[in-house]
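Accompanying notes for the structure given below.
The values are calculated or read from the model by the stated rules, or taken from the named source; none is laboratory data. Bear in mind the structure is a predicted one, so any value in this text is a computation, not a measurement. Counting neighbours? That spans all protein chains shown, and the Cβs are built from the backbone with ideal geometry, glycine included. For the accessible areas, the whole protein counts, side chains as well, though only heavy atoms, and no ligand, DNA or RNA atoms are used. Shrake-Rupley method; radii C 1.70, N 1.55, O 1.52, S 1.80 Å.
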Amino acid sequence: MEEKALQELNDKLDHIAELTLIGSKTVLNIDEAALFTGLSVGHIYRLTSGKQIPHFKKNRRLYFKKAELEEWLLDNKILTESEIQSRASTYTAIHK
């Protein structure tokens, strides 16, 4: 039982180390990109083959700029009611 608990703790520490490494990098490989985005590696491969996600290819390997992945993840913002109302007020004030 104690050995299982130690293994789980070791796995968690490995995961924390991996996340820390990703946090300090600007360019990610496909496994790191999957962990960063929360998508599966297979899904990222499908997105890259469909040219739906920003990526680079060098020596048959895929790389991703972390900043571009963040931008891609956040590119379809849903406006709040107050943002919509503010835009509507501005539009009606300009286009009387």
Could you work out how far apart the two model spin labels at Asn29 and Arg60 are, taking each label as a point 7 Å from the Cα in the direction of the beta carbon, and quote it in nm? 1.5
Label-point separation (nm) for Leu74 and Ala17, each offset 7 Å from Cα along Cα-to-Cβ? 3.1
Separation of the His43 and Ala88 label points, Cα + 7 Å toward Cβ, nm: 3.3
For region 42-87, the per residue accessible area (1.4 Å probe, Å²) is 86
Shape category assigned to region 1-50 from the gyration tensor of Cα positions, a/c cut at 1.5: oblate
Roughly how many debye, to the nearest 20, is the charge dipole of the chain about its Cα centre, given +1 on each Lys and Arg Cβ, -1 on each Asp and Glu Cβ, and no other charges? 780
